[in-house]
There are 2 protein chains.
Amino acid sequence: MAKRLYEAANAPKGCTAGAASAYPGAAMDQSPTLAEIQHQSVTFPGGLTLDCGRRLLEVTVAYRTYGTLNAAKSNAILLCHALTLDQYAAEQNPVTGKPGWWDIMVGPGKPIDTERYFVICSNVLGGCMGTTGPRSPNDDGSGQPHSGQPWGTEFPQVTVPDMVRAQKLLIDHLGISRLFAVIGGSMGGMQVLAWAALYPAQVFAAVPVATASYHSAQNIAFHEIGRQAIAADPYFYAGRYWSEGVRPERGLAVARMTAHITYVSEEALARKFGRKLQNAEGLSALGDQFAVESYLQYQGSSFVQRFDANSYLTITRAMDLFDLAADHNGVLSAAFKGTKTRFLLVSFSSDWLFPTAQSRAIARALNHVAANVSFVEVQSDKGHDAFLLDEPDFHHTLRGFLAGCAEHAGLV
Amino acid sequence: MAKRLYEAANAPKGCTAGAASAYPGAAMDQSPTLAEIQHQSVTFPGGLTLDCGRRLLEVTVAYRTYGTLNAAKSNAILLCHALTLDQYAAEQNPVTGKPGWWDIMVGPGKPIDTERYFVICSNVLGGCMGTTGPRSPNDDGSGQPHSGQPWGTEFPQVTVPDMVRAQKLLIDHLGISRLFAVIGGSMGGMQVLAWAALYPAQVFAAVPVATASYHSAQNIAFHEIGRQAIAADPYFYAGRYWSEGVRPERGLAVARMTAHITYVSEEALARKFGRKLQNAEGLSALGDQFAVESYLQYQGSSFVQRFDANSYLTITRAMDLFDLAADHNGVLSAAFKGTKTRFLLVSFSSDWLFPTAQSRAIARALNHVAANVSFVEVQSDKGHDAFLLDEPDFHHTLRGFLAGCAEHAGLV
């Protein structure tokens with residue numbers, strides 16, 4: 001099949017910007033849908049020093065933009081994506097063929113209005129959609145090229161702040177000295193918090209949605225189920241499945257199914273499926289007897305076509321490691337001391353993965369340093385996934401907050 | 001190793017009571033800890049017709065008793081066990097070497113006082129501790145012996161009412177015409193409800209704890225994760241792993257880990273582990289970095305030593321199928337019409353698997369038929385597992401309820 005090149009009209013010039021393949025060689029290509037695509041990206045030959053102390057020889061950041069950067073370069077909004085999402089926020093996803101994950105939110109006249117704002121979304125460090133990750137060729141740990149084979153599980157464990165540092169390279173490359181806003185939900189919200197803590201002068205407004213300042217023991221436990229399921233798959237081959245020509249599909253599917261349950265509320269599952277039997281003929285222990293089961297199995301099997309197991313391991317672990325207070329001697333407010341950033345915190349009432357109490361704790365820490373903070377709990381029965389869905393209250397709130405900030409920032 | 005025979009002092013005489021091996025042949029024995037034990041049991045050659053319409057050629061029920069049956073045979077309490085528990089409620093478990101699962105509740109002077117009551121606990125139909133289940137030799141579906149091989153996944157899908165029917169055979173065999181009480185938590189509570197619905201005249205008092213009248217879509221989904229993980233294990237061999245000399249240990253461990261998270265509350269996990277790193281040296285995606293992970297892995301690996309994967313499939317599915325209202329044209333109260341049984345419903349405030357609202361719905365249905373019902377929500381932060389743990393409020397409540405019922409039953 002012909003490789004499809006996703007190159008934006010406003011692709012940056014200079015540097016080594018271009019269409020980097022997301023994987024090092026065709027021999028490794030066990031994922032045609034992932035492999036046939038070359039993502040718009042920029043490579044930073046200076047590399048990046050990570051929280052773990054290791055240095056990546058070079059870093060490629062794959063990204064997409066929507067709208068137009070104004071002359072003052074003051075209207076840029078960075079979107080930070082969640083665990084299994086990617087840079088294709090507001091256009092058809094080239095891997096899945098589906099609409100962008102935030103099409104409902106981003107576009108002309110939409111709450112994040114691309115007629116007013118220049119919207120940037122990049123694939124996170126450790127990802128599998130063009131940014132440096134476990135599929136990238138390895139180095140020897142001291143910044144020299146190594147075997148040229150993919151890192152696999154040897155990829156240095158990145159953190160959420162590391163993801164933000166990679167995004168910062170991109171923002172600098174685009175010549176943007178201050179982001180008008182950084183917005184993201186779930187792990188995207190963690191990145192927003194890390195942006196506000198690491199680069200307060202570069203963030204005019206921050207919108208962490210359905211997130212927390214640390215990953216809870218329960219959430220770590222759910223991630224660990226997924227990792228164990230992947231590691232238990234006989235096709236995992238200790239992370240070297242690419243060179244074996246296979247993928248740990250069933251393990252990855254179980255991981256996805258587990259995570260998916262945590263993304264939806266009990267109410268949403270009950271409304272959608274209840275106890276609807278789809279296979280009332282005869283009873284059996286295996287097989288999709290209930291509608292909710294075939295739905296979950298579909299979620300699992302479609303996921304393995306678009307995501308890489310080693311990236312799943314790396315990114316879930318990055319989320320688990322996130323603990324902003326711990327990085328500041330256990331005092332969360334210290335992360336935001338003196339901040340001038342305007343915050344909008346949003347939680348959803350039925351989100352049991354990142355419950356409202358965790359957003360409230362962030363609001364409290366921001367209040368302790370007299371930050372400018374708004375906090376809204378949106379009433380919703382859609383669970384954690386609500387931030388991606390049609391929630392008019394959330395959309396109105398975000399639209400209004402951005403309009404207010406635009407006035408304060410002199411954007412209008 | 002010598003086979004250990006667990007035969008109670010008060011083992012029933014007559015019938016074909018005795019020590020039946022839990023599995024058909026040594027060649028199938030891939031589970032030494034499960035296999036080396038012969039459980040006290042009674043075999044009913046008349047078999048049992050199941051909800052699915054199939055008939056089991058014969059049924060063996062493994063059970064244990066504590067205390068002494070009085071002359072009037074009026075002081076018997078049946079305990080119904082939860083998903084992965086067994087008949088060893090109040091004594092050392094011969095497989096695990098650990099105390100009985102309800103040692104804290106059952107014994108001389110304890111809330112379920114074996115100096116007053118004769119306590120019976122049997123392994124459920126479909127189980128792996130001596131009662132007929134997937135490890136039993138198969139028949140041909142019309143009630144004739146077949147290959148003599150274990151059923152495996154061909155074991156007819158049993159239901160919670162089927163479990164109760166098997167228990168009823170045992171109770172009749174013991175010459176008990178009316179149980180003073182039937183008590184159980186979680187799936188045990190479902191059995192209690194089924195007892196009250198199927199045999200109201202045989203149940204003086206019923207105590208369904210931390211349970212529901214149907215299994216929710218979310219709970220079905222969690223079970224489905226476990227079943228998928230087992231089916232994905234290369235050592236599952238479509239349920240014929242015994243004859244291959246292997247066990248789907250990693251899949252079963254993932255299933256157990258998933259279930260275990262649902263048994264504990266977020267508060268309990270946070271209190272016990274928080275975000276305690278146990279392996280702060282170096283970051284990696286796999287390996288037990290957080291204390292909660294090694295705890296989960298321990299839960300998973302110890303479980304595979306004491307439980308059989310096919311039984312796990314069968315029993316989780318039986319729970320999923322439970323829907324007492326559906327069995328009565330969608331009207332839950334119809335299940336209890338005219339009941340004279342005295343009910344005590346107990347829920348735990350932090351139980352998110354079987355939340356209080358589900359017990360409240362049962363109480364409402366019982367009120368609709370003017371049943372004698374008490375309902376207590378115990379304040380606890382221990383989650384679903386609270387019914388097995390030291391919860392003084394629960395223990396006081398149950399002790400008091402049984403004492404009151406004993407008066408009404410003329411037991412004192």
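The values are calculated or read from the model by the stated rules, or taken from the named source; none is laboratory data. Here the structure is a predicted model, which means the values were calculated and not measured. Quick reminder, even Gly has a Cβ in these numbers, built from the backbone with ideal geometry, and neighbours come from all protein chains shown.
Quick notes on this structure:
- Selection within the stretch B:312-345 - of a type in the set (Gly, Ala, Ser) and within 26 Å of B:Asp86 (Cβ to Cβ): B:Ala318
- Just one of the listed residues (B:Asp381, B:Asp351, B:Asp385) is touching an Asp or Glu at 6+ places or on another chain (Cβ under 7 Å), among the charged types (D, E, K, R), touching a residue at least 12 places away in the same chain (Cβ under 8 Å) and not assigned by TED's automatic domain parsing to the domain that holds B:Arg227, namely B:Asp381.
- Near pairs, Cβ below 6 angstrom, 6+ apart or cross-chain, from the stretch A:120-131 (at positive phi) to any residue that is assigned to a loop (DSSP other than H, G, I, E, B) and crowded, with 24+ Cβ neighbours inside 10 Å: A:Gly126/A:Gly133; A:Gly126/A:Val158; A:Gly130/A:Ala22; A:Gly130/A:Asn123
- Count - residues of the stretch A:198-209 that are part of a strand (DSSP E or B) and either farther than 30 Å from A:Leu411 by Cα or hydrophobic (A, V, I, L, M, F, W, C) (or both): 6
- Per-region count, the stretch A:242-260, residues farther than 28 Å from A:Trp102 by Cβ and buried (at least 24 other Cβ atoms within 10 Å of the Cβ): 4
- A:Ile104 vs. criteria surrounded by 23 or more Cβ atoms within 10 Å (Cβ to Cβ) and more than 14 Å from A:Ala62 (Cα to Cα): no
- Residues of the stretch B:210-238 that are more than 7 Å from chain A (Cβ to nearest Cβ), in contact with a helix residue (DSSP H, G or I) (Cβ under 7 Å, 6 or more places away or on another chain), assigned to a helix (DSSP H, G or I) and closer than 26 Å to B:Gly188 by Cβ: B:His223, B:Gly226, B:Ile230.
- Lone unmet requirement of (1) in contact with a strand residue (DSSP E or B) (Cβ under 8 Å, 6 or more places away or on another chain); (2) at pLDDT below 95 for B:Leu296: (1)
- Hits in the stretch B:124-179 - residues which are of a type in the set (Asp, Glu) and surrounded by 20 or more Cβ atoms within 10 Å (Cβ to Cβ): B:Asp139, B:Asp162
- Selection count where residues are of a type in the set (Gly, Ala, Ser) and more than 14 Å from chain B (Cβ to nearest Cβ), scope the stretch A:115-162: 7
- The residues on offer are A:Tyr235, A:Tyr214, A:Tyr263, A:Tyr295, and the sole one that is in contact with an Asp or Glu (Cβ under 9 Å, 6 or more places away or on another chain), closer than 24 Å to B:Ser301 by Cβ and aromatic (Phe, Trp, Tyr) is A:Tyr235.
- Restricting attention to the stretch A:329-353, the residues that are in contact with a Pro (Cβ under 9 Å, 6 or more places away or on another chain) and within 14 Å of chain B (Cβ to nearest Cβ) total 0.
- Verdict on B:Val246 being aliphatic (A, V, I, L, M), more than 10 Å from every other protein chain (Cβ to nearest Cβ) and in contact (Cβ under 8 Å) with a residue 12 or more places away in the chain: yes
- Exclusive hit being touching an Asp or Glu at 6+ places or on another chain (Cβ under 8 Å) and either in the same structural domain as B:Ser350 (by TED's automatic domain parsing) or part of a helix (DSSP H, G or I) (or both), set B:Gly175, B:Gly251, B:Gly184: B:Gly251
- Qualifying positions in the stretch B:261-293 - outside any loop (DSSP other than H, G, I, E, B) and either more than 8 Å from chain A (Cβ to nearest Cβ) or aromatic (Phe, Trp, Tyr) (or both): B:Thr262, B:Tyr263, B:Glu267, B:Ala268, B:Arg271, B:Leu277, B:Phe290, B:Ala291
- Qualifying position, being at pLDDT below 95, crowded, with 19+ Cβ neighbours inside 10 Å and touching a strand residue (DSSP E or B) at 6+ places or on another chain (Cβ under 8 Å), among B:Ala76, B:Ala82, B:Ala22: B:Ala22
- Within the stretch A:294-328, being farther than 28 Å from B:Asp288 by Cβ, more than 8 Å from every other protein chain (Cβ to nearest Cβ) and touching a helix residue (DSSP H, G or I) at 6+ places or on another chain (Cβ under 8 Å) holds for A:Tyr295, A:Ser301, A:Gln305, A:Arg306.
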